[in-house]
Amino acid sequence: MNQKKYSFHTYEELVTIVDVIKDSKDYKSASGVLMQLYNPKIDADDEAIVDYINANCSNACLIGLTCANIADEEFDIKDNPIELNITYFKKTRLIEYDFDLNIATGFVAGRMINEALQDIDDAKCMLTCYSCGSAVIHSFASEFSHHKLPMFGAKAGRSIRALNTAKAYGKRAGDNKIVSVIFAGTDLHIFMDNCLGFKEIGVEMVVTKTEGDNIIAEIDHRPATEVYSKYLKVSPGKYFVENVCEFPMIFHRRDCVIARVPSAYGEDNSIHFTSDVVKGEKLRLSYGSADNLLDTISESVRGIKNFNPEAVFLFECGNRVRFLKEKASSETASYRILYPEVSVAVGYAEIYESASGSGGVLNSALVAVGLKEDPDAEDEFRPGVTYIDDTQIQEDERDYIPFVDRILNFLERTSIELDSMNRELGKIAYTDQLTRIYNRWELENKVNEILSECNEGGNRASIIFMDIDHFKHVNDTYGHDVGDMVLRASVDIIRDNLEAQHVFGRWGGEEFIYVLPDTGIDEAVEFAENLRKQIQDNCFVTVQHITMSFGVTQNIAGDTLETFVKRADDGLYKAKEGGRNRVVRN
């Protein structure tokens, strides 16, 4: 494998470069030729450039995009040259796909990739560039995600001032398309880093309402923009995006740290993003410093150096460039010292999908990819690059620590301590202190959530209301200490049957509720009968044997917490009236 970088400003310069490429031995002998075209200019003739390369380099796969240029005017990149980066493979095959989304949908494009992968046994990874919306690329990737094919790439960007059209490059240049190249070969191996460097601060919040795939309408049941007005004193206005870009929202998704930076806001105080957001996900705000981000890059460079690749590709977020300002070039320069021919794409979003399925579409990150054709190599994926924090030693040696460094360290440490305290307070808030299961308050919340999903989606759920038989006799005969022991021991037996989606808690006294989502009443009755037998057959210390009675019901359309629990309670009452130690469906 061999990588070569070219740059040009004019069409005439491109013609000369293409002639050099076509006449090279590498081009003529390669098993596959990858051409990456990354364009920061606002006045280039995209169509003419793409058409010329494709017409004269028919043996190559062309892929690329217009670059995101959202930095301050002082750091505008519109005068930078266009980059044409070539990777010549010796053994790897390249299969190119160009989807015009004015003709096909993201779903159809994803299905076509899925069908192709079924016939490509040695598919190793995929590069994707796109100029469509977040919902489309999400639909596209979902259709073949089960193949666990590593994917990297970026979303096309544009100039924040010139507002030129964002385009992806493939067989043609287009403003609504997906271009992918599948790399296939048993000797090919890959290294992938997700470099972020922003640190989480403040309280944890929840996305409580979304619109479509890329709009957060509410956070903690409040208009989304209130997060920024509350914590940063930034209200919606002309410079809203500029004022919040340094504080990305951080999510943890599939073992990967993912940032989201607003691209706009709505009149309803919603927040718009260039990548997908999910209702129910938890988030925190974050802050960054140039040193933090560059330290993360240094760790990435160390990792990729150990991998020793033959080609290196970087996909950097425009917001990261805007944040770093004059230090932005230091990021890519760190890689160029070791790999002078590295390719660099600056986009609106970065793709990091590992072989395990972790990752997704990112913001404010830099994705570093290394490739080499070596049968003895091993793949390496790092969904969240971290670095050894030796700043304490460095700071102790300094006579003066800048105020910003001190206040940011204060915020970070305070956030860590608050997080720890909140976890402990959370346990107290929702846990019954005696039995260590959900208390009634939290049970009501959980049951309401399950019923809401049932009523909205037509799902089913069953509830078991259970009660220890003759528990007053236990307390009166053996004392409350023994009664507490019986309660804890009974809970332990039931908890051994608890599955991840189940909900179990103490309703009050010796009464307990167990909820089984996505479960019909027949299965719930069988489950309750199994619990009854386990309790009956257990030998308790001091009291020897106890029994429990059970009432079981399934949800019906329009159920509320009160009606749902009442039917199960009525079943429990019938079980008591019928002689106890039995299960009654109602």
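The values are calculated or read from the model by the stated rules, or taken from the named source; none is laboratory data. Given the structure is predicted, the values throughout are model-derived calculations rather than measurements. Here the Cβ is made from the backbone with ideal geometry for all residues, glycine too, and neighbour counts use every protein chain on show. Protein only, heavy atoms only, side chains kept; ligands, DNA and RNA dropped before computing areas. Shrake-Rupley method; radii C 1.70, N 1.55, O 1.52, S 1.80 Å.
Points worth noting:
- Reach of Lys78 by Cα under 15 Å, taken over aspartates and glutamates that are not fewer than 8 positions away in the same chain: Asp43, Asp45, Asp46
- Relative counts (whole %) of C-alpha pair distances in region 425-478, using bins that are 10 Å wide: 20, 32, 31, 14, 3
- Equivalent ellipsoid, region 221-310 (semi-axes from 5 times Cα gyration tensor eigenvalues, Å): 31, 16, 11
- Full extension of the chain between Lys576 and Lys327 gives 82.2 nm of extra length, using 0.36 nm per residue less the Cα-Cα distance.
- Centroid-to-centroid separation of region 453-496 and region 237-256 [C-alpha atoms, Å]: 45 Å
- The calculated FRET efficiency for the pair Ala500 and Glu211, based on their C-beta separation and a Förster distance of 30 Å, comes to about 0.55.
- Net +/- balance of residues flanking Asn2 in space, Cβ distance below 13 Å, scoring K and R +1, D and E -1: +3
- Ranked by the mean number of other Cβ atoms within 10 Å of their residues, highest first, the peptides 362-372, 430-440 come out as 362-372, 430-440.
- Rounded to 10°, Cα long-axis angle of helix 440-457 versus longest principal axis of the chain: 60 degrees
- Applying the Kirkwood pairwise sum to the alpha-carbon positions of region 105-225 produces a hydrodynamic radius of 17.1 angstrom.
- In this simple spin-label model, placing a label point 7 Å from the Cα along the Cα-to-Cβ direction at both Val278 and Ser452 gives a separation of 1.8 nm.
- Gain in span if fully extended, Lys233 to Arg253, counting 0.36 nm per residue against the direct Cα distance: 4.4 nm
- The aspartates and glutamates whose alpha-carbon is closer than 15 Å to the alpha-carbon of Lys28, local same-chain residues fewer than 8 away aside, are Asp19.
- Each stretch of four or more DSSP H residues adds -39500 (n - 2.57); spread over every residue of the chain, this sum gives -11000 deg cm²/dmol at 222 nm.
- At 1.567 mPa s and 4 °C, Stokes diffusion of region 495-586 via Kirkwood alpha-carbon radius, µm² per second: 93 µm²/s
- Spatial extent of region 277-379: Rg and Dmax, with the Cα atoms as the point set, Å: 14.8, 44
- In Å², nearest 10: area of Arg506 left accessible to a 1.4 Å probe: 40 Å²
- Surrounding net charge for Arg440, when Lys and Arg each add one and Asp and Glu each subtract one, Cβ distance under 9 Å: -2
- Where Cα atoms sit under 18 Å apart: lysine pairs in region 471-586 separated by 8 or more or lying on different chains: 4
- Charge tally around Ala162: other residues with Cβ under 10 Å, Lys/Arg +1 each, Asp/Glu -1 each, net +2.
- Listed residue pairs exceeding 31 Å between alpha carbons, taken from Lys199/Lys305; Lys124/Lys171; Lys124/Lys199: Lys124/Lys199
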